[in-house]
Amino acid sequence: MRILPICLLLLFCSIQSFSQDRIFKKGGSILKVRILEIGVDEIRYKLFEEPEGPAYAIEKDRILKIVFENGRTETYQSNLKDPELYTGQSKNAIKLNFLSPIFGHTQFAYERSLAPGRSIEATVSIIGLGRNDMVELSYYDPNIGYREVKRNAAGLGLGIGYKFIRTPDFINRSVRYAHLLQGSYIKPAFYTGVYGENILEYKTNTVNSKRTTTFYGALNVELGKQWIFSDVFLVDIYGGLGYAFDNVKSDDNNWSSASDEYTAHHFSVIRTTRSPGLAFSGGLKLGMMLGKKKKTD
């Protein structure tokens, strides 16, 4: 008959051991507690081993999840990066580099948000769709006299970059991104392209124009800021610094005002020293948001 009370006691202890809540902290520790209240910013609890002890409080930002006694799990994340806060915002945008035609090409860009604070951007440059600069203002052609030679560049440039959008200086429950794609950012970017252009060739006291093909690539780090207006229109201004390489070689018999051994204007990037050399990029992009907004209840 003494076995029955012992079994009942063990059963009671077993039930008690499984009737505890557990708080999993971001640091890796686990608290065995009895949850008293879940507030907006914090959670109040008592230690499981001290049911008559004092009540404690912990901020939600320090918690990964809570596993309740009934097995239900509730996870927590920073309000700043909670995707639900940005429901209804457009995640895609198309842009035009407003200044690119001045430099001899037209650059389009597509950006997509991957998560709050991160996005990817791809660019396409149509080289030649823009201002056509002179190779030489005038030179003497023995057949027709003095004439002008333009660059007449034609080709394609591509680029890809990954944006890390800056978070606010401080975070509380009321702080979030005004828009998924808005804010100051740093963007590692890679550019490459190929194009043909006119250059001048000097041979035995005569000057002739000829076509040459140039390949280039550049790895830059860009800083910029993007503004979104009414989830419809955007403005993106940026500048970058990095390294560029190309196949432009020094040749005393050839001349181009755009590219030589020491400098090269590759449309989306400009090399300023010998290849591989220092490169600059920059621009002012204007664009529109894409994607149908989701209705929220």
Task: Estimated FRET transfer efficiency when R0 is 45 angstrom, pair residue 156-residue 65 (beta carbons, to 0.05) - done: 0.35
Task: Distant-in-sequence amide H partners of residue 216 (H built 1.01 Å from N, under 5 Å) - done: 193
TODO: Determine the alpha carbon to alpha carbon distance for each of 95/210; 225/249; 60/285; 65/187; 150/249; 203/249 and list only those over 28 Å.
DONE: 95/210; 225/249; 60/285; 65/187
Task: Cα→Cβ-extended label distance, 7 Å offset, between residue 26 and residue 131, nm - done: 4.9 nm
Open item on the list: If packing is taken as the average count of other Cβ atoms within 10 Å, what order do 237-248, 59-70 fall into, highest mean first?
Closed with: 237-248, 59-70
Task: Dipole magnitude of segment 83-290 about its Cα centre (Cβ charges: Lys, Arg +1; Asp, Glu -1), debye to nearest 20 - done: 600 debye
Task: Cβ-derived FRET efficiency at R0 51 Å, residue 99 paired with residue 36, nearest 0.05 - done: 0.30
Task: Per-residue Cβ neighbour rank within 10 angstrom, fewest leading, 289, 134 - done: 134, 289
Open item on the list: Could you list 192, 263 so that the one with the fewest beta carbons within 10 Å of its beta carbon is first and the one with the most is last?
Closed with: 263, 192
Task: Extension gain from residue 186 to residue 164, taking 0.36 nm per residue of separation minus the Cα-Cα distance - done: 7.4 nm
Task: Per-pair calculated FRET efficiency, R0 = 51 Å: residue 178 and residue 207 via Cβ, rounded to 0.05 - done: 0.35
Task: Ranked 103, 98, criterion: other C-beta atoms within 10 Å, fewest first - done: 98, 103
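Every number here is computed from the coordinates shown, using simple stated rules; none is lab data. The structure displayed is predicted, hence computed values, not measured ones. Note that each Cβ is placed from the backbone with ideal geometry, even for glycine, and that neighbours are counted across all protein chains shown.
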